[in-house]
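K.L.:
Once you've had a glance at the structure underneath, I'll fire off some questions.
None of the figures in this text is laboratory data; all of them are computed from the coordinates on show. Predicted model only: the values in this text are computed from it and were never measured. When we count neighbours, we look across all protein chains shown, and the Cβ atoms used for this are built from the backbone with ideal geometry, even at glycine.
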Amino acid sequence: MSDPGISVVICVYTEDRWEDILAAVASVRAQSYPALETLLVVDHNPVLLERLTKEYEEYEEHEEYEETSRVRVLANTGPRGLSAGRNTGIAASRAEVIAFLDDDAVAERDWLRRFAEGYADPRVMAVGGRTVPVWASGRRPRWFPEEFDWVVGCTYRGLPPGRVRVRNVLGGNASFRRTAFDAAGGFATGIGRDGDRRPLGCEETELCIRLTRARPEAVLLIDDRAVIHHRVPEAREHFGYFRSRAWAEGLSKALVARSVGAGRGLESERRYTTRVLPAGIARGLRDALLARPGGAGRAGAIVTGVLTAAGGYVVGSVRARRGGAAFRVAGIGTVPTAAPKEGTHG
């Protein structure tokens, strides 16, 4: 099977991450397996859209570059939020495989090569990678358990190593065949993030479950050699954010369970809560008994995180049953049919 072409989609929303955005694009341009194109999708921010368009127009005018390093700047044509931005990128992209990179992350040089290797098997519909936190303070807070690194958008303790089959990939470091979206539709709006307003998530989980329902033979992989480094700002190193993100995860899981059923929607979470987290608590308590820094804090954070997420799930489930609208998210199962023209170039 020939090597697939890959389009990379980076969704952006704020000028506060200007340097991060430029670094993310530069890391894609430095790949050992070149991307066909990089698409920057700007989420309802005309100032950022204009600034990025000018930035990359000027770059291409004054620098020698390969066709594969071209950057296209697009406006999100759907409602505000990460899911609609990704759907805009999917519709505008040209390659057989679409990869997604967070706007505050940089990819290692072989990131796309590892993705491409996974698609040698025609059954593979998605390949994800490993996301490593880069803490603003220079090191992980002592109380912050690795089992909860998903709170800051990173790979967490408990995921199996190597290249393994999984229920779902993690959205900030993932790729899909275009035919996956043909089969299952796009990302559901109303579940994922809306800039910094709501720390929700799970949109990639819901999509992956829909995909394997539509294509039961589909294989979804995570390859821990496909590495990106994700910046964790100082504001997200605090316990208050930890709790708010855990609560939002519970709300998000309730939406997913309502949409695709609790059986599949919580399948991986059952193993996580019955095996991975108890082991993490035990390690924390052992470290506390051995007078190692942070042990008691990590054990306490795990307990707090579980209870907070469970509370969010209960509240989210009640809201979904009462209102109904919580799981009838706009645009579920759809992808825009035409590439956006406003704000594009190249």
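K.L.:
Give me SER137, SER268 sorted ascending by neighbouring Cβ count inside 10 Å, so fewest comes first. Mind dumping the intermediate values first?
P.N.:
Values: SER137 10, SER268 15.
In increasing order of surrounding Cβ atoms, one gets SER137, SER268.
K.L.:
If you don't mind, another one. What distance in nm separates the two pseudo spin-label positions at VAL276 and ASP16, each 7 Å out from Cα along the beta-carbon direction?
P.N.:
2.8
K.L.:
Could you give the nm distance between label points at ARG286 and ARG123, where each point is 7 Å from its Cα heading toward the beta carbon?
P.N.:
3.6
K.L.:
Another question, then. How much length is gained on full extension from ARG94 to ARG157, taking 0.36 nm per residue of separation minus their Cα-Cα distance?
P.N.:
Residue separation times 0.36 nm, minus the Cα-Cα distance, leaves 19.2 nm.
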